[in-house]
Structure formats: structure tokens, C-alpha cells
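Participant: I'd like to ask you about the structure that follows.
The values are calculated or read from the model by the stated rules, or taken from the named source; none is laboratory data. Note that the coordinates shown come from a computational prediction; the quantities given were computed from them, not determined experimentally. Cβ placement follows ideal geometry from the backbone for every residue including glycine, while neighbour counts extend to all protein chains displayed.
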Amino acid sequence: MQGRRIRVRGQVQGVGFRPFVWRLARREGLVGEVSNDAEGVLVLAAGEAGALERLRGALSGEAPPLARVDAVEVADWAVPDPAPESFTIAASGAAGAETRVTPDAATCPDCLAEIRDPAARRHRYAFTNCTHCGPRFTILRALPYDRARTTMAPFEMCPACRAEYEDPADRRFHAQPIACPDCGPRLWAETAEGAALDGDAVALAAEALMAGRIVAVKGLGGFHLACDATNPAAVAELRRRKRRPAKPFALMAGEAVLAEHAAPTGAEWARLRAPAAPIVLIAKAGAALPEALAPGQGALGWMLPYTPLHHLLLDALGRPLVMTSGNLSGEPQVIGNDEAREKLAGFADLFVMHDREIARRLDDSVERITPAGPMVLRRARGRVPGTLPLPEGFGEAREVLALGGQMKAAICLTKNGQALLGHHLGELDEALTWEAFGQALEDYRALFDHKPEVVAVDLHPGYRATRAGEAMGLPLERVQHHHAHLAAVMGENLWPRGGGKVAGIVLDGLGLGADGTIWGGEVLLGDYAGFERIGRLAPAPLAGGDAASREPWRNLMVRLDAAGLGALADALMPDQPREALRRAVAAGVNAPLSSSAGRLFDAFAFALGVAPGRMSYEGEAGMLLEAVAAQAGPGPGWPFAVAEGVIDPAPMWQAWAAARGTPVPLAAAMFHEGLAAAFAGVARAAVADGRAQAVALSGGVLQNAVLEAALMRYLEGVPVLRHNKVPANDGGLAYGQALVAAARGLGAA
Amino acid sequence: MTLAHGGGGSAMRDLIEEVFTGAFEPDGMEDQARLEAGALAEPGARLAFTTDSFVVSPVEFPGGDIGTLAVNGTVNDLAVGGARPLWLSAAFIIEEGTDFALLRRIVASMKGEAERAGVRIVTGDTKVVGRGAADRVFVTTSGVGVIPPGRDIAAAHIRPGDVAIVNGVLGDHGACILAARGDLALSSDLQSDCAGLGHLMEAILAAAPNARAARDCTRGGLASALNEMAEAAGVGIEIEETALPLRAEVKGTCELLGLDPLYLANEGRLVVFVPKAEAQATLAAMRAVDTGAGATIIGRATEGPAGQVTMRTLFGGSRIVDMLVGEQLPRIC
Ligand SMILES: [Fe+3]
Ligand SMILES: [Mg+2]
Ligand SMILES: [Zn+2]
Ligand SMILES: [Zn+2]
């Protein structure tokens, strides 16, 4: 008999890993024990050498669906005398054990089969889950993660559930949210006036939806507002009630229905079917759906049903549903029943409620697959609280708390070579979001057992996150906005700390620059610790400060004026108060200079008549411009002048003005091409002359797949780092800030 | 005006005689003001004392000039603390080359505003500096007032549930100065709201014996005044976007320039907190005074979070209204 001490690292707690090991060990006839501790899972096993070898192989090869095995380390184990008689699961004891909580996961195939099986005791039960699926982070109240500290605490397990919970051979062994119709949460429907209705809630909801009504559905991380996505009148009514004229709605459908309206690629199907079950942007194909779902967009945001309730509802409907977040305009998603009754009463005709509380608001994650690879646009449900490994050279880094930006706030913590990038919170001036920011600080600190030694914030003194950092009384690292974007994309590509400099093309909305002006179209040559600005868009005034980020016409006016095309500006926007704004710009009243690439996209989108004068949602103009450009395909670009790294769009405007008959899709594509060629040229030169080892792409504008594809073409032959898991937008800012602060603390690479 | 006017010789005496002294204290001024202390001698009365410097460009604007600001600013600082303003001092730093006629107009404004407010300008000083060392004229005023016995208003007294009232439309002064300064030629009839608020405060305090606190909404606007009050009282303050009195021209100017009217300066606006039970009486009393004609309820104090000011928006969301940090830099990424 031989003994082995096997250490398993990764996401191996709270995912059924110990019973999995227990079953393997019994299969192989081994004795010993398996336990959780602060480092992961520890297996002590004794038996035949061949059986031990098979166990080791199966640990990563056959791991449970929600597990992620980062490392399996094997050492000899001196088997005690007498040897254990059997293989057991040891209770977790050590401090720090069981602190890992996995992300919420979509209903697994086994649970789905059960709710569809008339003979099963969980037939049609909306809260069915097991170790491989179900709610996690959204029901967590406190640590360690066990039922008593989740919102399942009020539901006492019935004997049948308890038996499953305690049986290591059962799929529900130690599944904390285990429930059944006898003992678990209850579903009901109620009217907009709050009167509970008799009858099956799913049937009532399906009936209302078929009749074109709007239904509020309590989900995992918050309430959704649902309506029949094939019914234009229902969609229009939802837009009217939500005061949301144009921002795309997310859709939910079963696989068969989805395939009628889209043709997902293999990679897209894989993302849709992942336990994270994000919204995935997929090109329209097949049977057309109402244009009002996503006006002007070439893609729709789809997700598969991810709770039993969703499955039951969609099974009953057989058609796609709009599933948009249930909130007041500008506020985050509603999570409480009373809150829903109060705030959504004017929006929904019917409420599908349940009595399992949502402990934590988590939006649906949003992803897309571009020709260059996957991209995360919003990191939330299903992805948090997962961790990201830090690159080589950060092992000894201080524990950093990074507080992110203002608009797509998310925080990040680093420790022991891992980064915990928290969920998308939203805009911090919103009172409920600000409250959630405070809760996230507490939550993630506890989850990570984190004791920050330094706080990283943006340079911008007016971001609420910056002020929160200043008030913490800890050493502060101020990180330039676009340097943080650059560090984020380097970090998630595991660019080593000593890996040399990278030329970062950071195309963004706005961030405060190191020189006090507003940046946003930059080529930064740098590493984690520092940078220099080797390229930038020629600046133009942001006429009216933040108003310029809402009204594309302002940017068109200043750009045309700068290109000597003031008369064209007058002709293109006769109804705007141009003269008054020009005087304000001349007088320097709220008109700081900015090299923002996002504002240039806004200007061009408005020039082509693609974007409205005033946007109804952030990023609208850029998304619409991308959508029309995608209709044309690659080709020549408009000329941008490049001199000493300054990229001047004036020649582009002049060329476009001289060729006003150019079809809109072609003109839009030429804009993307010209801009990409200019920026790629500056970055490429830095690689060619040895200043940079690679090119990196980041910033909110890099969510644009047409632009990304053009950049990739102009960068062919050069190593390119792009975002895969961390948002290119400000949702990834905190991760980059953390890396910069950590690198500065470590000194020279 | 030449440097000799500041030299202390006869030219200066002439200037002071000519422009200043006659206007303020016809009976002649000593180097020090000698005042009857009777009002202060009342048992329980407290002396209120404040000072402020005024630098505004342009010096004259629709609805007033630096003189109106200098008198009313200091009068209002006294009044919102519950004091009855009595005496002011006025000190002038004058740029060489400044037009005498301008100085006379400023002095006339000061005299008029002082009379309206029932205060006397009892002492003063002038200095002349070289070109570029000042922008035409800077004025510093100090003021003394008396807080009657038993009167005690302070931001720390605000309690959850108290009602916030302003005395009229917001941002007129700030918008008017912006329009004048940038030569924006915004077709508007905007006038500064500059006014003394002493009489209005007396009316408020008579109608609302338990009035908690008042602030004039000067630099930093209503937003800054509310933040200071929330902080001092350890309460939250919630205002309603739909209840904010704003002139269409001010709204339009703010939209064009991308500015938030909550942060625009006012020179004749105050916000006062009174117990809910006294709110209607306060409103009625305020509306009976000319400077309070536009009085309206804009919000209330809440349990918290302490120090946080929020605004219920048109569509029901709740936005945090912060203190302004430095200049307003764009934040939308
Ligand atoms: Fe950014
Ligand atoms: Mg003062
Ligand atoms: Zn399951
Ligand atoms: Zn049960």
C-alpha cells in the first residue's frame, strides 16, 4: 500500500469537489480522506499505485462542471498505522476554509430533466438546483458559505432534502440552496396592485405575456421586465413605460427558438450554454423580430434561460421574451419584493414573485464573440466572484484595493497572485449604486479575507470612487485612466511584469490625462509601473463638458470648425445653437480640450445621420456607426494626418466633405479603416524600432468589433494583446489600477 | 485714477472725500467707527461678525455690480445666521486707471443697498495698485450684527423630516455673470438675483419660531449649501428635481454650456430648514416679502446616509448631489 498527499488548487470549493473525490476514491478502492482548507482541497489517499495514479488523473480530467482546477500537486504521504478503514470527507476546520463562493450557475441538464419529469418530486419546481447549478453569490449574506448565512436560511430542509444533502453519493450533497416543493421557496403571481392571484404563476404569466402584457419576473440577481419579443405593440409599450426609446433590449429564448432568429457560431453557442449564461450579442439571422428591440443594431443580445423559472416560462410560451432589467430610468435593478411593488407598479401588469430573497444585485453579464476572440462587455452574474491569476512577477505584491472609475464602476482586490474583479455596479452618482459600492467593498474584502495595504484610484478628483479612496486613510496610488486600461489588457494576457514595454492603443470616452487635459485617443508606451504618451488624437474642445458626451452634434461642430469646414457644420445642423456654443468655446466656458476617440465617433456618426443629436443611452452613436460600417466590410480608409504621433482627423473630414455622395455604410467603414490605420501605424512603429515588445488594445471604443478587426489587420505580424475576460471599458479599470499600484510597490521589474 | 491716489497724500484725501466718505457717512468718518453698543448690551444677545472679499468679472452686470454684491453678501452672511445686520466696513483695492465714474456707480449701489438693508457703512479703506495687480476694483466688506436673545439657528439643529424652502428661482446670478463674462450674447433678459435677505430672515423667524437653520446659496450654489448643512447636521437631505424653481433661460443656458444649475452662484437666495409643522406659515410669511415672493418647498431632511444630499429625478431615480471639487471636469467616459 502506498500513500499520496494531493493538493488541488483553483475553484474547487463549493462546487461538489469533495464528494467528487470521495466517489473517485471509492471507485478505485482507496482509503483516506478529503478536506477543504485555505489553499483549496487536500486529498490524503492510500492504496494500489495504479489506483492512486488513476485518481490523480481524474482529479482534473473528470472534475465537476463548476470546478476549475489550476494545479494538482502530488507528494508522498506516510500512511498512518493502522491505515484508515475507508475513505471519508473530513469536515472543514481550518480558518479561511470554505470562504470561496462560486458564481451563480445556470440550471444543469440533470435538474432541467427533473423539472420536466412528471414523476420527479421536483416536477415543475422553480427553485430546483444542485451542486452543479443554482444560486450562489446572489443569495450569500455572510461567510462562510453555508445555508444559514444565505437567503435560504428561513427554509428548513424537509427529511427528503436533508437525506440528499447528507449523502456524498447524491448530486445535492452539501448543495446549500437545496429545496423542493415541500420545504423550499414558493412562487406566486400578483397584480400590479399587489393582490396575490390564485393559480399557477407560470401559467398566469405565460397567459399575460401571450396577450401582450408586461410582466415583472423576479430572477437570480434582480427583477426583469418581460414581454413577448415577437409582439411590436408590447415592445413599444415597454419602451414607453420605461422611458427607454432606443437602448437595445436583451432577449431570452430556449435554444430551438433562438435558432429561428439567429445563427450562433460554435463559439457563441458555447458562451450561451456556459454555466455563466451571459447575454451574448449575436448577428440577426433567420426570422426577423421587431426592429424596436434594438433599433439600428445588427446584433441582438440573447441569453438562454438560466433558472428553472425561466425554463418553465419559456417552455410555456415557445417564443422569445424581452428580458430587460426591472428598474427606474437610471437606477439599478430592483431586488426586493416591496421595492418591486413600489417602483415597477407603473411598468408591469403582472408580477411573478417568490419568497427567496436576493441578497445581492447582479446584472446579467454581456459578452460578444468577435473575429479576434471573445469579449466581455459587462462582467456580472455568472462571472463573479471568480478570480483572475496575476501575471508573473506579481507574486510578492502588496494587497491592493482598486476602486475603479465613475460610470461603469467595479472594484478589484489583489492578493496571493490572484485578482478579484468585482461585478458591474453602474454609475456612482446614483444613490442605490453608491450604496451597492459600499456593500461591494465589504463583501469582497470578506470574501478574499483582504487587508489592503494600498488603495488605487483614478487621477480624476471628481470620481466618487476617487474620493472614497482618499477618505480611507491608506496609502494612495493615483493611476492615470488610460494607463489603467493599458495595464488591464496586459494583465489579463499574463504579460510578465518584467516583459518589457508595450504600445497601448487606448481608444476611449474620456479620462483625465496626466497633463490636466482630457484624454481618450492615445498611444501609450509603457509597462505596469509607468508610461509615456507617444501618440494621440489631435485634441478638440469638449463643448459643454459632459454635455458633449450626450450630444454628438457638439463634437461634429468643433471637429468641422477645426478642419476649416464651419460652413458645412452650419449646413448640417441648422437647428442647433451653434453660434452661442462657438462663443462659449472661444470664451473657454466649460470647453476643455480632449483627445477623446469616443467623441470623434460620435461626431462622425452624427455627420452621417446615423446618430441622433442627443443620445438616449451611453455609447449609442458609436454602436450605430459600427452597425452601419459592418454592412460594408473592409476597404480603403479616409486619410488621417499623422505627425510626431499626433493623429489629426482634419484631412478625413475634408475628404469626406468632398465625397458627400459616398454611401453611408462605406463612409462609416472608411472612417473605421482610416482611424485604425493611423493608430496602428504609430503603435507599429514603436514595435519596429524596438521600443515596444507588443501592441495592446483597450478602452471602451475597443468594444467595437469593426474597429478591432481593422486594427488587427493593420497590426498583422505584430504580437497583439486584446481583452478576453476583462472589459475593455471602465468595468476593467480597477483591475488595471490594481496592477499599476502593485507594480509601483514592487519597484523596478 | 492714478497711483498717487493711493499714496496717502492730498490726492487720496480728495478721492476719499469725493467718492467715498460723503456717500457713506455724511457726518464724516474717523479712522475708527464709534458705535452705540446699546443693542449688544441686552442680556443674552450675541454679537455676529463676518467678513468677505468680492472679486467679480465683469464688475458691472445686469441687475447689479460689485458694490451690490459686497453689501448684500455680508448682510446675508449675518442674516442667515439669525443676526440683525447693523454696521459694515468697506475696503477697496483699486487698479490704476480705473474710471472714476465706475467707482461712483459702485459707491452709489452700496449706499442704496445699505439703506435698503438698514445697515450703515461706518468705516473703510482704499488702496490703489498698479495695472494688472487687480482687476479694476476688489471690495472687502466686514459686518457686525446682533443676534437677539433666545435666537439660535445653526445647521446642526436640522432634524430628519424638516422641510427645505428656497426663496426663489435659482442660478440667475451665476447664469447672468456667465453670459456677461463670455460675451455669449445669449438672447436672455437674465438679471442677477443680488439682494439683501435681512428682512426676509426676520419674517421667517417670526413665522417659524423653531426654524432650524438657513444658508445663502452663493458660490457653489444650492448644492454646496445643502451639502454643508447635511454634513453639519449629520442628516441626509433629499430634494425633488421637479420642485426646483428654475427660469427657462437659466435652464437653457445650463443645457447649452453643460452646467448644472444646482452649482450656479446666487446672491439673493437662501435655503431655510423649518419643522414640517411650520412650513406653511413660513412659506406664507416669505411670500409676503419682496425677496421671498418665489418661496417654495424643494425637499426635506432625511435619516441619512448622514451628510448625503440626493435628488429625486424626474423619472424617480435618486442621484447624489455632491459638493463641487475644484472646477467641474467632465466625467462621462
Ligand atoms: Fe475609460
Ligand atoms: Mg463670508
Ligand atoms: Zn443542477
Ligand atoms: Zn425539501
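Participant: Considering only residues of segment A:149-169 that are of a type outside the set (Asp, Glu) and under 19 Å from A:ASN36 (Cα atoms), which is farthest from ligand 2 (Cβ to nearest atom)?
Facilitator: A:ALA169
Participant: Right, another one. Show me the strands (runs of 3 or more DSSP E) entirely contained within segment A:332-407 in which 1 or more residues are surrounded by fewer than 23 Cβ atoms within 10 Å (Cβ to Cβ) and either away from ligand 2 (no atom under 16 Å from the Cβ) or within 14 Å of chain B (Cβ to nearest Cβ) (or both).
Facilitator: A:350-354, A:366-370, A:373-378
Participant: Run down A:VAL34, A:VAL79, A:VAL43, A:VAL8 and say which single residue is touching a residue at least 60 places away in the same chain (Cβ under 8 Å), surrounded by 15 or more Cβ atoms within 10 Å (Cβ to Cβ) and closer than 28 Å to A:PRO275 by Cβ.
Facilitator: Matching residue, one of A:VAL34, A:VAL79, A:VAL43, A:VAL8: A:VAL8.
Participant: In addition: Suppose we filter A:VAL720, A:VAL740, A:VAL701 for residues that are under 26 Å from A:ARG599 (Cα atoms), surrounded by 24 or more Cβ atoms within 10 Å (Cβ to Cβ) and modelled with pLDDT of 95 or more; which single one remains?
Facilitator: Sole residue among the options that is under 26 Å from A:ARG599 (Cα atoms), surrounded by 24 or more Cβ atoms within 10 Å (Cβ to Cβ) and modelled with pLDDT of 95 or more: A:VAL701.
Participant: On to the next question. Just to be sure I understand, how many residues within segment A:451-466 are in a loop (DSSP other than H, G, I, E, B) and in contact with a helix residue (DSSP H, G or I) (Cβ under 7 Å, 6 or more places away or on another chain)?
Facilitator: Going through segment A:451-466 one residue at a time, the tally reaches 2.
Participant: Hey, among A:LEU711, A:LEU733, which residue is away from ligand 3 (no atom under 16 Å from the Cβ), within 14 Å of another protein chain (Cβ to nearest Cβ), within 21 Å of A:ARG368 (Cα to Cα) and part of a helix (DSSP H, G or I)?
Facilitator: Criteria check complete, one pass: A:LEU733.
Participant: Here is a list of conditions, (1) within 14 Å of chain B (Cβ to nearest Cβ); (2) surrounded by fewer than 22 Cβ atoms within 10 Å (Cβ to Cβ), and A:ALA529 meets all of them except one; can you say which number that is?
Facilitator: If we test A:ALA529 against (1) within 14 Å of chain B (Cβ to nearest Cβ); (2) surrounded by fewer than 22 Cβ atoms within 10 Å (Cβ to Cβ), just (1) comes out false.
Participant: Scan segment A:459-477 residue by residue and report those that are within 14 Å of chain B (Cβ to nearest Cβ), within 20 Å of A:GLY745 (Cβ to Cβ) and not aliphatic (A, V, I, L, M).
Facilitator: Passing the criteria: A:THR466, A:GLY469, A:GLU470.
Participant: Which condition number does B:ALA39 fail, the rest of (1) within 26 Å of the chain's Cα centre (by Cα); (2) modelled with pLDDT of 80 or more being met?
Facilitator: So the condition that B:ALA39 fails would be (2).
Participant: Examine segment A:537-551 for a residue that is buried (at least 21 other Cβ atoms within 10 Å of the Cβ), touching a helix residue (DSSP H, G or I) at 6+ places or on another chain (Cβ under 8 Å) and away from chain B (no Cβ under 14 Å), and state whether such a residue exists.
Facilitator: Yes, that holds for at least one residue.
Participant: Identify all residues within segment A:652-705 that are on the phi < 0 side of the Ramachandran plot, assigned to a loop (DSSP other than H, G, I, E, B) and without any contact (Cβ under 8 Å) to a residue 40 or more places away in the chain; write none if there are none.
Facilitator: Once the filter is applied, which keeps residues that are on the phi < 0 side of the Ramachandran plot, assigned to a loop (DSSP other than H, G, I, E, B) and without any contact (Cβ under 8 Å) to a residue 40 or more places away in the chain, segment A:652-705 yields A:ALA659, A:ARG660, A:GLY661, A:THR662, A:PRO663, A:ASP689.
Participant: Looking at A:ASP104, is it surrounded by fewer than 16 Cβ atoms within 10 Å (Cβ to Cβ) and more than 16 Å from ligand 2 (Cβ to nearest atom)?
Facilitator: Details: surrounded by fewer than 16 Cβ atoms within 10 Å (Cβ to Cβ): no; more than 16 Å from ligand 2 (Cβ to nearest atom): yes.
For A:ASP104, the condition - surrounded by fewer than 16 Cβ atoms within 10 Å (Cβ to Cβ) and more than 16 Å from ligand 2 (Cβ to nearest atom) - is not met.
Participant: Out of all the residues in segment A:496-522, which are surrounded by fewer than 24 Cβ atoms within 10 Å (Cβ to Cβ) and more than 14 Å from A:LEU537 (Cα to Cα)?
Facilitator: A:PRO496, A:ARG497, A:GLY498, A:GLY499, A:GLY500, A:LYS501, A:ALA514, A:ASP515, A:GLY516 - these are the residues of segment A:496-522 that are surrounded by fewer than 24 Cβ atoms within 10 Å (Cβ to Cβ) and more than 14 Å from A:LEU537 (Cα to Cα).
Participant: Find the residue count for segment A:480-513, including only residues that are away from chain B (no Cβ under 14 Å) and of a type outside the set (D, E, K, R). So that I can check it myself, show each step before the final result.
Facilitator: Quick first cut of segment A:480-513, residues away from chain B (no Cβ under 14 Å) only: A:483, A:486-487, A:489-505.
With the extra rule that they be of a type outside the set (D, E, K, R), the set shrinks to A:483, A:486-487, A:489-491, A:493-496, A:498-500, A:502-505.
So the count comes out to 17.
Participant: When segment A:416-439 is examined, which residues are found to be away from every other protein chain (no Cβ under 13 Å) and either surrounded by 20 or more Cβ atoms within 10 Å (Cβ to Cβ) or within 13 Å of A:LEU733 (Cβ to Cβ) (or both)?
Facilitator: Selection gives A:ALA419, A:LEU420, A:LEU421, A:GLY422, A:HIS423, A:HIS424, A:LEU425.
Participant: Please go through segment B:157-216 and give me each residue that is within 14 Å of another protein chain (Cβ to nearest Cβ), surrounded by fewer than 19 Cβ atoms within 10 Å (Cβ to Cβ) and over 21 Å from the mean Cα position of the chain (by Cα), ordered by number.
Facilitator: Answer for segment B:157-216, where residues must be within 14 Å of another protein chain (Cβ to nearest Cβ), surrounded by fewer than 19 Cβ atoms within 10 Å (Cβ to Cβ) and over 21 Å from the mean Cα position of the chain (by Cα): B:ASP183, B:ALA185, B:SER187, B:SER188.
Residues are listed down the side, and each one gets a yes or a no for (1) within 14 Å of chain A (Cβ to nearest Cβ); (2) in contact with a helix residue (DSSP H, G or I) (Cβ under 7 Å, 6 or more places away or on another chain); (3) crowded, with 24+ Cβ neighbours inside 10 Å; (4) at pLDDT below 95:
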{"site": "B:GLU241", "(1), (2), (3), (4)": "yes, no, no, no"}
{"site": "B:GLY258", "(1), (2), (3), (4)": "yes, yes, yes, yes"}
{"site": "B:VAL274", "(1), (2), (3), (4)": "no, yes, yes, no"}
{"site": "B:ILE298", "(1), (2), (3), (4)": "no, yes, no, no"}
{"site": "B:THR302", "(1), (2), (3), (4)": "yes, no, no, no"}
{"site": "B:SER318", "(1), (2), (3), (4)": "yes, yes, no, yes"}
{"site": "B:GLU327", "(1), (2), (3), (4)": "yes, no, no, yes"}
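For (1) over 30 Å from B:THR242 (Cβ atoms); (2) assigned to a strand (DSSP E or B), each residue gets a yes or a no:
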{"residue": "B:GLY82", "(1), (2)": "yes, no"}
{"residue": "B:LEU88", "(1), (2)": "yes, yes"}
{"residue": "B:THR98", "(1), (2)": "yes, no"}
{"residue": "B:ALA101", "(1), (2)": "yes, no"}
{"residue": "B:ARG116", "(1), (2)": "yes, no"}
{"residue": "B:ASP125", "(1), (2)": "yes, yes"}
{"residue": "B:ALA164", "(1), (2)": "no, yes"}
{"residue": "B:GLY174", "(1), (2)": "no, no"}
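Participant: Same structure, new question: Just checking, which of B:GLY63, B:GLY82 is at positive phi, within 16 Å of ligand 2 (Cβ to nearest atom) and either aliphatic (A, V, I, L, M) or touching a residue at least 40 places away in the same chain (Cβ under 8 Å) (or both)?
Facilitator: None of the others qualify; the one that does is B:GLY82.
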